[in-house]
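These notes concern the structure reproduced below.
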Amino acid sequence: MQSCIGDAKLMRDPPTGWLTMADVTPTVYVVDDDVSVRESLEALIETSGWRALTFDSARAFLDCPPAPGPSCLVLDVSLPDQSGLDLQAMIADQRSEMPILFITGYGDVPMTVRAMKAGAVEFLTKPFGEAVLLDAIEAALARSRASVSEKAALETLSARYATLSRREREVMDLVVTGLLNKQVAGELGISEITVKAHRGRVMEKMQVRSLADLVKISQKIAAAPPSQA
């Protein structure tokens with residue numbers, strides 16, 4: 001069972017074995033130093049069918065390993081150790097699949113603009129209605145679900161690409177540029193028959209049936225961040 005430091009609640013009944021998107025209950029993180037806010041939001045979130053993990057500080061949140069599957073962060077602007085805006089900047093790269101919804105007892109235009117420019121999906125000023133928050137969380141989780149699915153698909157493609165030999169990668173890289181087998185053979189200094197054999201293995205390992213699909217996969221892999229490709 002996964003545990004978190006500080007005021008984080010333990011995730012109850014975590015799924016075991018291989019996880020799929022359908023298996024994982026979305027997680028809503030709440031970072032707020034007001035215990036009454038944390039408790040009320042936890043109850044509201046769990047009643048809505050999501051998992052709630054609550055924290056009283058940015059450090060407590062950072063010390064908790066990310067949960068699998070879709071997630072979002074309900075983040076107070078004012079925290080005891082550092083501001084919510086600073087925390088947003090810290091996790092921008094590491095938790096890019098986690099949309100952030102800011103909540104605050106006060107707000108001004110510059111603060112809101114800074115948060116939204118940095119990628120926040122919502123900025124709510126207390127007090128706000130439950131329906132408003134739940135709608136915002138639902139939209140954030142939908143966005144996270146799409147992002148998580150895209151990342152998982154890219155990781156699958158990257159794993160397939162990693163199974164290619166050096167020569168198979170060379171053939172693939174040339175084929176997707178539109179070169180014919182004869183031209184690829186000339187570029188690599190090998191026979192056309194050998195190119196056809198390599199090309200067949202590339203199609204099989206990448207699990208595609210057409211050149212068009214192979215081109216699309218190649219573009220996705222090339223566009224992926226270095227840590228994912």
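The values are calculated or read from the model by the stated rules, or taken from the named source; none is laboratory data. Computed from a prediction, not measured in an experiment: that's the story for all the values here. We place every Cβ from the backbone using ideal geometry, glycine too, and count neighbours over all the protein chains shown.
So that you can scan it fast, the table gives a plain yes or no per residue for (1) of a type in the set (A, V, I, L, M); (2) loosely packed, with under 13 Cβ neighbours inside 10 Å; (3) at negative phi; (4) outside the structural domain of Pro99 (by TED's automatic domain parsing):
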| residue | (1), (2), (3), (4) |
| --- | --- |
| Ala153 | yes, yes, yes, yes |
| Ser158 | no, no, yes, yes |
| Glu168 | no, no, yes, yes |
| Val171 | yes, no, yes, yes |
| Ala185 | yes, no, yes, yes |
| Leu188 | yes, no, yes, yes |
| Lys196 | no, no, yes, yes |
| Ser210 | no, yes, yes, yes |
| Val215 | yes, no, yes, yes |
Qualifying residue in the stretch 49-56 (condition: without any contact (Cβ under 8 Å) to a residue 40 or more places away in the chain and either surrounded by 22 or more Cβ atoms within 10 Å (Cβ to Cβ) or on the phi < 0 side of the Ramachandran plot (or both)): no
Thr163 being among the polar types (S, T, N, Q) and in contact with a strand residue (DSSP E or B) (Cβ under 7 Å, 6 or more places away or on another chain): no
Answer residue from the stretch 86-103, given it is more than 11 Å from the chain's Cα centre (by Cα) and surrounded by 20 or more Cβ atoms within 10 Å (Cβ to Cβ) and is farthest from Ala118 (Cα to Cα) among those: Ile103
Residue, modelled with the highest pLDDT, within the stretch 65-85, restricted to residues that are surrounded by 21 or more Cβ atoms within 10 Å (Cβ to Cβ) and more than 21 Å from Lys151 (Cα to Cα): Val74
Filter result (under 24 Å from the mean Cα position of the chain (by Cα) and in a loop (DSSP other than H, G, I, E, B)) within the stretch 25-51: Thr25, Pro26, Asp32, Ser48, Gly49, Trp50
Enumerated helices (runs of 4 or more DSSP H) restricted to the stretch 144-227, each holding at least 1 residues that are within 30 Å of Leu73 (Cα to Cα) and small (Gly, Ala, Ser): 211-223
Odd one out for Ala136, checked against (1) over 24 Å from Ala223 (Cα atoms); (2) not acidic (Asp, Glu); (3) not in a helix (DSSP H, G or I): (3)
Test: residue in the stretch 126-140 that is outside the structural domain of Val74 (by TED's automatic domain parsing) and within 29 Å of Ala58 (Cβ to Cβ): no
